[in-house]
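Peer 1: Just passing along the structure, written as structure tokens.
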Amino acid sequence: MNKPIIFCDFDGTVTANDNIIAIMKQFDPTGWEPVKDRILDQSISIREGVAKMFSLLPVSAKDEIISYVLEQAEIREGFSDFVAYTKKQELPLYIVSGGIDFFVYPLLEPFGPFDGIYCNGADFSEDVIKLEFPHGCDEKCSSQGCGCCKPSVIRDLLDTGTKSIVIGDSISDWEAAKEADFVIARDLLAEKCQEADIAYEPFETFHEVIAIVDDYIGVKS
């Protein structure tokens with residue numbers, strides 16, 4: 001049997017907090033909170049909502065925003081050990097994130113290389129920040145409104161007969177979790193899994209994730 005492939009979220013999973021929400025709270029552009037609420041209650045798509053929130057920020061704040069994110073971001077306990085563990089066990093590890101390249105890449109750089117990093121992009125060439133979505137939905141995606149479409153990325157990378165492990169924390173991980181063979185979840189994703197009766201293992205640190213994955217591959221492989 002092929003070794004399972006791990007698909008790990010970034011904001012709120014690798015990092016302790018959601019960096020997009022942290023940016024919005026810090027710079028507080030008028031009108032961002034109603035947009036956030038509409039994303040969470042799923043009345044607008046993640047792609048539409050996140051693009052709308054960033055369009056409220058001027059490009060002139062670019063350097064200040066980047067500095068703020070890199071200063072405030074806290075990497076979740078045990079992540080470095082987890083990356084080392086996946087390399088030792090030869091488990092493919094992909095970071096699949098609804099975050100934006102200008103903060104995802106520099107925050108992950110000390111821990112790589114990874115098998116792949118999938119995230120959204122930012123265009124700073126105009127007056128306000130415009131987001132780019134290079135990893136959109138495939139024809140099988142039920143929502144067709146994802147920013148970085150995690151289930152589409154997973155389908156593209158997963159070989160026949162290979163199991164998928166999804167690690168995440170929020171609504172942006174929900175569609176991927178529904179299709180995963182094994183889910184490791186916290187916060188809102190854990191609540192959604194519970195409500196839908198989808199089996200998952202809870203975590204707070206990546207040391208716990210190591211133990212969960214170790215048990216999973218020991219039993220299943």
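Peer 1: If you put +1 on each Lys and Arg Cβ and -1 on each Asp and Glu Cβ, how big is the dipole of the chain around its Cα centre, in Debye rounded to 20?
Peer 2: Working: 19 positive and 40 negative charges, 84 e Å.
My answer is approximately 400 debye.
Peer 1: To the nearest 0.05, how large is the calculated FRET efficiency for Lys140 and Ala84 if R₀ is 41 Å and r is the Cβ-Cβ distance?
Peer 2: Between Lys140 and Ala84 the formula returns 0.75.
Peer 1: Is the shape of segment 37-81 rounded, prolate or oblate, going by the alpha carbon gyration tensor and its root eigenvalues a ≥ b ≥ c, with a/c under 1.5 for rounded and a/b larger than b/c for prolate?
Peer 2: Note, shape of segment 37-81 comes out oblate.
Peer 1: Protein chains only, probe 1.4 Å: how do Arg186, Arg38, Arg47 rank by accessible area, largest first?
Peer 2: Numbers: Arg186 35, Arg38 115, Arg47 95 Å².
Sorted by accessible area, descending: Arg38, Arg47, Arg186.
Peer 1: Among Asp197, Asp81, Asp159, which one moves the most in a GNM of the chain with springs linking Cα atoms closer than 10 Å?
Peer 2: Among Asp197, Asp81, Asp159, the largest GNM mean-square fluctuation belongs to Asp197.
Peer 1: Based on DSSP H runs of at least 4 residues, each adding -39500 (n - 2.57), what is the mean residue ellipticity at 222 nm of the chain after dividing by all its residues, to the nearest 500 deg cm²/dmol? All intermediate terms of the calculation are to be shown ahead of the outcome.
Peer 2: Values: 10 runs with 94 residues, N = 221.
After summing the helix terms and dividing by the residues of the chain, the value is -12000 deg cm²/dmol.
Peer 1: May I pose another question? Restricting the calculation to Cα positions, tell me the Rg (one decimal) and the Dmax (whole number) of segment 1-88 in Å.
Peer 2: Rg, Dmax (Cα atoms, Å): 16.2, 52.
Peer 1: For the chain, which longest stretch is free of loop sites, where a loop site is one of the GluC sites (Glu not before Pro) that DSSP puts outside H, G, I, E and B and that has at most 12 other Cβ atoms within 10 Å?
Peer 2: Of all site-free stretches, the longest is 140-221.
Peer 1: Pull up the DSSP beta bridges for the chain and report the antiparallel fraction as a percent, rounded to 5.
Peer 2: 25
Peer 1: For the chain, count the residues as N, evaluate 2.2 N^0.38 Å, and divide the Cα radius of gyration by that value, please.
Peer 2: 0.99
Peer 1: So what's the gap between the Cα centers of segment 72-123 and segment 157-221, to the nearest angstrom?
Peer 2: So the two Cα centres are separated by 17 Å.
Peer 1: Express in Å², to the nearest 10, the accessible area of Ser60 obtained by rolling a 1.4 Å probe over the protein heavy atoms while all chains stay in place.
Peer 2: 110
Peer 1: Related question: Looking at Gly116, Val59, Trp174, which one has the Cα that reaches farthest to the positive end of the dipole of the chain (charges on Cβ: Lys, Arg +1; Asp, Glu -1)?
Peer 2: Working it through, the farthest residue towards the positive pole turns out to be Gly116.
Peer 1: May I ask you to give the solvent-accessible area per residue for the chain, in square angstrom, as obtained with a 1.4 angstrom probe?
Peer 2: On the way: 10490 Å² over 221 residues.
Roughly 47 Å² per residue, with all protein chains present.
Peer 1: Still on this structure: Pop out the carbon and sulfur fraction of the accessible area of the chain as a percent, whole number, probe 1.4 Å.
Peer 2: Roughly 45 percent, rounded to a whole number.
Peer 1: Suppose we keep just the alpha-carbon trace of segment 129-206; what are its Rg and Dmax in angstrom?
Peer 2: Using the Cα atoms of segment 129-206, the pair Rg, Dmax is 13.0, 41 Å.
Peer 1: Length gain on complete extension for the stretch Lys62 to Asp214, per 0.36 nm per residue less the alpha carbon to alpha carbon distance?
Peer 2: The span from Lys62 to Asp214 would gain 50.6 nm if fully extended.
The values are calculated or read from the model by the stated rules, or taken from the named source; none is laboratory data. Nothing here was measured: the structure is a model prediction, and the numbers come from that model. Note that each Cβ is placed from the backbone with ideal geometry, even for glycine, and that neighbours are counted across all protein chains shown. Surface accessibility is based on the protein's heavy atoms, side chains included, excluding ligands, DNA and RNA. Shrake-Rupley method; radii C 1.70, N 1.55, O 1.52, S 1.80 Å.
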